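First the structure, in the form of structure tokens, and then the observations on it.
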Amino acid sequence: MNINRSNKIIAALPKGKLLAPAFAKLKIAGYEFSDTEKRSRKLIIADTSKSVRVLFVKPSDVPIYVEHGIADFGIVGRDSLVESCVDVFEPLELDFGRCGLAIAGYPRDENHDWRLRSSVRVATKYPNIARWYFDKLGVQAEIIALHGSVELGVLAGLADVIVDIVETGTTLKENGLTVFEEILPVTAIFIINKASHKLKLHELDRIVSAIKG
Ligand code: PRP
């Protein structure tokens, strides 16, 4: 069932760290939500004026809901957006969710020429980006897709390096690892479904302008 058949706006918001600042942006655009509902286990909630419905989505799934037109717009990190390879509009880079996607590993390996190994084992939650980047470097890589605690891949000997998000650097530091090079600077992005951009242009433009302003 496609829930997006009405003229109301549907938003896909990422569960986790980006959720609170994403709601703050919707508030700037004039949409208020009940705190009780925001904290509930409900997966779909409406704002107090019933103009917008919010879908609570796993961050990596936000681009999929928006590309398929289930949500008119979404807020998502550039890491998840690039990894998903979706075709959506990206009218606005947001001022939160700043971090970087980087190659990291043991400091002892940093200055060794790990690029010249016959094959590098890379643990990551971003297999598409990792494949693209190592191909670009001309380095033969075995990409090992994990779903979390990627640093453990190196500590436990599953991989030589990781491609992962570095925000404060604490996880790397506390596990004796270091950044070798940054692949992609990341912030949160406001994305819009291409059909919605035509059909609901006025309201979506108003939201983007309010958040920008
Ligand atoms: C992310 C990322 C790193 C960590 C980086 O993991 O994958 O592990 O945060 O943050 P830091 O530089 O501030 O330490 P997340 O907390 O999302 O958990 P996960 O590893 O289970 O996916």
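The values are calculated or read from the model by the stated rules, or taken from the named source; none is laboratory data. On a predicted model such as this, the values are computed, not experimentally measured, just so you know. For neighbour counting, all protein chains shown are included, and Cβ atoms are generated from backbone atoms with ideal geometry for every residue, glycine included. Remember, those area values only see protein heavy atoms, side chains included, never the ligands or the DNA or RNA. Shrake-Rupley method; radii C 1.70, N 1.55, O 1.52, S 1.80 Å.
List of remarks:
- Criterion applied to Gly157, Gly138 was being modelled with pLDDT of 95 or more, more than 16 Å from the ligand (Cβ to nearest atom), at positive phi and not acidic (Asp, Glu), and the one residue passing it is Gly157.
- When segment 196-209 is limited to residues that are over 22 Å from the mean Cα position of the chain (by Cα) and touching a residue at least 12 places away in the same chain (Cβ under 8 Å), the one that is least open to solvent (accessible area, probe 1.4 Å) turns out to be Lys200.
- Residues that are open to solvent by 20 Å² or more (accessible area, probe 1.4 Å) and within 14 Å of the ligand (Cβ to nearest atom), drawn from segment 170-184: Thr170, Thr171, Lys173, Glu174, Asn175, Gly176, Thr178, Val179, Glu182, Ile183, Leu184
- Index of the failed condition, Ala20 passing every other in (1) open to solvent by less than 40 Å² (accessible area, probe 1.4 Å); (2) in a helix (DSSP H, G or I); (3) of a type in the set (A, V, I, L, M, F, W, C): (1)
- Within segment 185-195, considering residues that are outside any strand (DSSP E or B) and open to solvent by 40 Å² or more (accessible area, probe 1.4 Å), the one nearest to the ligand (Cβ to nearest atom): Lys194
- Residues that are crowded, with 22+ Cβ neighbours inside 10 Å and under 21 Å from the mean Cα position of the chain (by Cα) occur in segment 36-57; there is at least one.
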